[in-house]
1. Step by step: first the residues of segment 113-138, then only those that are within 21 Å of Phe360 (Cβ to Cβ) and over 16 Å from the mean Cα position of the chain (by Cα), then the one that is surrounded by the most Cβ atoms within 10 Å (Cβ to Cβ). Which residue is that?
2. Could you list all residues from segment 47-97 that are touching a Cys at 6+ places or on another chain (Cβ under 8 Å) and not hydroxyl-bearing (Ser, Thr, Tyr)?
3. Just give me the residues in segment 296-333 being among the charged types (D, E, K, R) and either assigned to a strand (DSSP E or B) or within 19 Å of Arg35 (Cα to Cα) (or both), in sequence order.
4. Hey, could you check segment 51-66 for residues that are hydrophobic (A, V, I, L, M, F, W, C) and either outside any loop (DSSP other than H, G, I, E, B) or in contact with a Ser or Thr (Cβ under 7 Å, 6 or more places away or on another chain) (or both) and say which is nearest to Ile77 (Cα to Cα)?
5. Quick check on Ser385: is it of a type outside the set (A, V, I, L, M, F, W, C), more than 21 Å from Trp298 (Cα to Cα) and touching a Ser or Thr at 6+ places or on another chain (Cβ under 9 Å)?
6. Here's a check for you: in segment 70-91, which residue that is of a type in the set (S, T, N, Q) and within 25 Å of Ser332 (Cβ to Cβ) is surrounded by the most Cβ atoms within 10 Å (Cβ to Cβ)?
7. Could you tell me which residue of segment 297-317 is farthest from the chain's Cα centre (by Cα), considering only residues that are aromatic (Phe, Trp, Tyr) and at pLDDT below 95?
8. Kindly check whether there is at least one residue in segment 210-222 that is touching a residue at least 12 places away in the same chain (Cβ under 8 Å), among the small types (Gly, Ala, Ser), on the phi > 0 side of the Ramachandran plot and surrounded by 19 or more Cβ atoms within 10 Å (Cβ to Cβ).
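The values are calculated or read from the model by the stated rules, or taken from the named source; none is laboratory data. In this text, all values refer to a predicted model and were calculated from it rather than measured experimentally. Glycine also receives a Cβ, built like all others from the backbone with ideal geometry; neighbour counts cover every protein chain displayed.
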Amino acid sequence: MKFNNLHKTAFLITLIFSVISGVFAQSDISSPYSRFGLGTMSKNRTNTVLQGMGGICNAIDGKHLLNNSNPASYAEIDSLTFLFDAGFYVKNSTYKNSNVSESASNSSFDYFDIGFGVTRWLKMGLGAAPYSNRAYNSTNSFDYQYPYSIAYEGTGGVNKLYWANGLRINDKLSLGLKFNYIFGNITDETILYYPDYAHFHNEKSTINLNFSDVTFDLGILYKKFLKGDRKLTFGVVYSLPADMKAHRDTYIRTMFKGYGVNNETVRDTIVYETGKRVDVKYPQSLGLGVTLQKSERWLLGMDFNWSNWSAFKMNNANDSLQDSWNIAIGGSYTPRNTSISSYLRKMTYRAGLHYDQTIFNIYGNSINKYGVTFGFTLPLQRAMSSINFAFEFGKMGTTKDGLIEESYFNMSFGISLHDRWFVKRRYK
């Protein structure tokens, strides 16, 4: 590697660590549904390019982009190519029930990926992304002989670091294996207090769960080449079930004050326990996908994903979870990627839609979600790098039985850097 590429290396390493800090420091918008299980899941969140196509990812190869959803896609990376992709998102949501509504917004780093060749047949990738988010805050008041209130608050989240390996068997078949390091912590606090009685003892419970374990994903890509520079690609992704390790800290005490802006004054400690082992049953999942593509001009694809969240157990409790599934349809179109006369014709345009049955089932109501997406890519001059945008409008939940419906708008921004490294430069 020549000295000028060392500058690129230093820049990218600095950028990677900056993005990691942003990814793991993020907190999403408060959602009442994040109270259950591990919180609202980000497992199927893809990069900005694929978000613009409804999130299809199972049968997308990684020749010009990094697709961390199917590790077999990394096998398509050129042996002399180094790829970097990072994303940032802005989210605006409006929550409503049958009586009131409330709006919120948030922005944060979303993910980062790098991919590179090891040998002609083996390619690797490294990356990081949020896995789940815990963010809720609610209060219920009860008007009995002695009126009291119960406040619930949850914070934290679980993150994922991954190491992907793609093995190219031949021109048609690629296999993949991804190691996921899942880690993080979630905290739940419950306060029972008497707002009208200064001398009554309140009670506060704080439960903190720390996660740290490894899971595995398997991937397959199979391509069938058709006439007219077309190809049909089939993809399969399978996530193995696992017995994850977690440790719980529990602190329950009686106190004066301790709610709102009042500092608590502990009266007595009821339970103080640290480091207790908690067994977590991590569910299996399966993703299927198919795409039809014509060279670099257009692509159409469809995905189906299923996860066995009804088998999830944390301390032998399922916590109102059900099997989740998702169907997504999307595509892209580039008018003329070799055009030298019109920049607009070199841009890539994308659109898609998805419908999800989420992991949550509250009071017998399945919490479903749907969204419509679109996006585009701005290619950089004299380079294979690009700036990507994706937008999504959608809804999740219902106002039935006192539940909450979320209407949301997401905007994702990503930058993809494509460089050919380890090439000896010749100077005359």
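1. Filtering first and then ranking leaves Tyr136.
2. Leu50, Asn67, Asn70
3. Once the filter is applied, which keeps residues that are among the charged types (D, E, K, R) and either assigned to a strand (DSSP E or B) or within 19 Å of Arg35 (Cα to Cα) (or both), segment 296-333 yields Asp303, Lys313, Asp319, Asp323.
4. Filtering segment 51-66 for residues hydrophobic (A, V, I, L, M, F, W, C) gives 53, 56-57, 59-60, 65-66.
Now narrow it down to the ones that are either outside any loop (DSSP other than H, G, I, E, B) or in contact with a Ser or Thr (Cβ under 7 Å, 6 or more places away or on another chain) (or both): 53, 57, 59-60, 65.
Working: Met53: 21, Cys57: 16, Ala59: 15, Ile60: 12, Leu65: 8 Å.
That would be Leu65.
5. Numbers: of a type outside the set (A, V, I, L, M, F, W, C): yes; more than 21 Å from Trp298 (Cα to Cα): no; touching a Ser or Thr at 6+ places or on another chain (Cβ under 9 Å): yes.
So Ser385 fails the test.
6. Among them, the one singled out is Ser73.
7. Here the answer is Trp298.
8. No: zero hits.
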